[in-house]
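This report concerns only the one structure given below.
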Amino acid sequence: MLPTDSTETLSFNRCITEGDLVIVYERHDVMKAVQVSEKGVLQNRFGMFKHSDWIGKPFGSKIFSSKGGFVYLLAPTPELWTLVLSHRTQILYIADISFVVMYLEIVPGCVVLESGTGSGSLSTSLARAVAPHGHVYTFDFHEQRAASAREDFERTGLSSLVTVGVRDIQGEGFPDEFSGRADSVFLDLPQPWLAIPSAAKMLQQDGVLCSFSPCIEQVQRSCETLKSSFTDIRTFEILLQTYEVREGHLPSWQDGDGVLASLKGCKKRQRSTNGQENSRPRTVLARRMGETRGHTGYLTFARLNCVR
């Protein structure tokens, strides 16, 4: 997914080779991850695509089928991987993930502890953020789920940056070997308050913790526990609204709620074939799309007290 050698630059200008993981892009909401093999074939509504035609092409290439249809071959960035990975559990999406990475102050070289791993959506972005010299240690109590996540990190080339462990962090806490070593801790647990005392022991001075919870009652109880060892406690709810923007006629374009949203100052008069201005002006319009992400949960951040 990304180079882990510090001498390499983070670039996908290289060509596709056999064994690479490629994101096949049909449209913004239709993508799939494909492992390239010399004899492999992909069939979809646009026709048949031979993997052998992909080998040697740079990432981002537009590939045509015998029918004339086409797809794009994209590099498996964390953003795209989040959209195509297998959902073994509810996952965090780009809006939440970007917020988490920023507020946890994660930079290259950081050591991050995570519980639980789930589908590995956040883990993938954490790995890129700490590369090339940092590391993510992620734990899940479910052995099969942890094994599946481990396989995914192998497929995406992140196994040198992510270590997956099987452990009940709520009941046992984080392993003592990480005591005082972690720059950041992320908790996605049913009862995060049970793991907060252990997380405090793992963090370095001035380290940051984030807890994700779907219910405000979980947030309230977690915040009560955080007060004993943490400061600067804040909770956020991230809502993502997606819009489609294109040119059209004002009366003809409405969103799902029957509301028309236009961008002011963008009207354009179209000339007809005889050179006369069309009486119906076209406007650049924006409407809400059906894939809007609503409430997924609450993100609570807290900084470890400098004096414990």
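Of everything listed in (1) buried (at least 17 other Cβ atoms within 10 Å of the Cβ); (2) in contact with a helix residue (DSSP H, G or I) (Cβ under 6 Å, 6 or more places away or on another chain); (3) not in a helix (DSSP H, G or I), the single unmet condition for S159 is (1). Which residues, taken from the range 36-71, are in contact (Cβ under 8 Å) with a residue 12 or more places away in the chain, loosely packed, with under 12 Cβ neighbours inside 10 Å and more than 16 Å from G19 (Cβ to Cβ)? Passing the criteria: R45, S66, K67, G68. If the condition is being surrounded by 17 or more Cβ atoms within 10 Å (Cβ to Cβ) and of a type in the set (D, E), then the range 101-115 contributes only E114. Cβ separations smaller than 6 Å between residues 6+ apart or across chains give the following pairs from the range 176-188 residues that are closer than 7 Å to V112 by Cβ to residues that are of a type in the set (V, I, T) and part of a loop (DSSP other than H, G, I, E, B): S184/I106.
Taking the stated definitions as given, is F174 part of a loop (DSSP other than H, G, I, E, B) and open to solvent by less than 10 Å² (accessible area, probe 1.4 Å)? Taking the combined requirement at face value, the residue satisfies it. Within the range 86-100, the presence of at least one residue that is under 30 Å from A302 (Cα atoms) and open to solvent by 80 Å² or more (accessible area, probe 1.4 Å) is confirmed. Of all positions in the range 132-141, none carries a residue that is among the hydroxyl-bearing types (S, T, Y), assigned to a loop (DSSP other than H, G, I, E, B), open to solvent by less than 20 Å² (accessible area, probe 1.4 Å) and closer than 24 Å to M102 by Cβ. Restricting D168, D176, D183 to residues that are within 30 Å of L21 (Cβ to Cβ) and of a type in the set (D, E) narrows the list to D183.
The values are calculated or read from the model by the stated rules, or taken from the named source; none is laboratory data. Predicted model, so just to flag it, every value in this text is computed and none were measured. Cβ: placed from backbone, ideal geometry, glycine included. Neighbour counts: every protein chain shown. Side chains included, ligands, DNA and RNA excluded: accessible areas come from the protein's heavy atoms. Shrake-Rupley method; radii C 1.70, N 1.55, O 1.52, S 1.80 Å.
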